[in-house]
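Below is one structure, written out as structure tokens; the observations come after it.
The values are calculated or read from the model by the stated rules, or taken from the named source; none is laboratory data. Only a predicted model underlies this, so the values are computations on that prediction, with no experimental measurement involved. Ideal geometry is used to build each Cβ from the backbone, glycine not excepted, and the neighbour counts take in all protein chains shown. Remember, those area values only see protein heavy atoms, side chains included, never the ligands or the DNA or RNA. Shrake-Rupley method; radii C 1.70, N 1.55, O 1.52, S 1.80 Å.
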Amino acid sequence: MIFRQFIESETSTYTYLVASRKSGEAILIDPVKEMLESYLRILKELDLKLVYALDTHVHADHVTALGALREATGAVSVMGAETRAACVSERIKDGDILRFGGLEIKALHTPGHTDDSYSYLMNDRVFTGDTLLIRGTGRTDFQNGDPSAQYDSIFGKLLTLPDETLVYPGHDYRGWTVSTIGEERRFNPRLQVKSREEYIELMNNLRLDHPKYMDVAVPANLECGLN
Ligand code: FE
């Protein structure tokens, strides 16, 4: 398996390339529009064919490359069934499996950061989008965010995975690139709560600024970053 992690440094967004060496089929998770040329370049250099481009949710902080990648490579763009982005080619739901080049990736609906938030599970690793971050969790105060739903997504789904499962998040603002489920259970300060109520209370009192590019990014992403 080929695996690459990219960072878009202005918004600290991670993008993941996963591919099968045997077949050359590849997927990209959470591609950023400004990075399009990098993705096309590595696909060419490694002789890969992009079959799926997935977004874990409608992003509020950067513009997606889903539409541009579909146009450039013919890849199928994928988001969860709940998304308001009408432009995506394929909608997946909880438990669905995407297959490419002999590899499989399983969609887990993990709402809370947004109602259309998905995580993607693949053997020893899970791509958690903005649901579970390293030593943090995605904010729940816009785009139909819901701390109670996020509590269920994290405690009821993600933390039931084996402790050694690698956690690859959608962002990290301190440069941490990977964690594990066991590590987050023990050391993530947001997860040291005793009840759902305590988690809701915590999330409702973060008092964060609005993301810089939200007014641009959300409308653009509802059109897959085109126009
Ligand atoms: Fe987000």
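Listing for the model above:
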read-out	value
Residue that is in contact with a helix residue (DSSP H, G or I) (Cβ under 9 Å, 6 or more places away or on another chain) and within 17 Å of Ala217 (Cβ to Cβ), where the choices are Leu66, Leu50, Leu108	Leu66
Criterion (surrounded by 13 or more Cβ atoms within 10 Å (Cβ to Cβ) and free of Cβ contacts under 8 Å to residues at least 60 places away in the same chain) met by exactly one of Arg196, Arg186, Arg207	Arg196
Gln5, sole failed condition from (1) open to solvent by less than 30 Å² (accessible area, probe 1.4 Å); (2) under 26 Å from Asp172 (Cβ atoms); (3) in a strand (DSSP E or B)	(1)
Number of the exception - Arg174 against (1) over 17 Å from the mean Cα position of the chain (by Cα); (2) in a helix (DSSP H, G or I)	(2)
Among the residues listed as Phe142, Phe155, Phe127, the single one being of a type in the set (A, V, I, L, M, F, W, C) and part of a loop (DSSP other than H, G, I, E, B)	Phe142
Residue within region 123-134 that is under 19 Å from the mean Cα position of the chain (by Cα), exposed (fewer than 14 other Cβ atoms within 10 Å of the Cβ) and under 25 Å from Phe3 (Cβ atoms) present	yes
Options Val58, Val32, Val88, Val63: the member that is under 17 Å from the mean Cα position of the chain (by Cα) and more than 15 Å from the ligand (Cβ to nearest atom)	Val88
Output for region 109-124, where each listed residue is more than 13 Å from the ligand (Cβ to nearest atom) and not in a strand (DSSP E or B)	Asn123, Asp124
Selection from region 160-182 of residues that are within 16 Å of the ligand (Cβ to nearest atom) and surrounded by fewer than 20 Cβ atoms within 10 Å (Cβ to Cβ)	Asp172, Tyr173
Test for Lys22: is it surrounded by fewer than 16 Cβ atoms within 10 Å (Cβ to Cβ) and part of a loop (DSSP other than H, G, I, E, B)	yes
Enumeration of residues in region 181-225 that are among the acidic types (Asp, Glu), in contact with a helix residue (DSSP H, G or I) (Cβ under 9 Å, 6 or more places away or on another chain) and closer than 30 Å to Pro31 by Cβ	Glu184, Glu223
Odd one out for Asn205, checked against (1) over 25 Å from Thr64 (Cα atoms); (2) in contact with a strand residue (DSSP E or B) (Cβ under 6 Å, 6 or more places away or on another chain); (3) outside any helix (DSSP H, G or I)	(2)
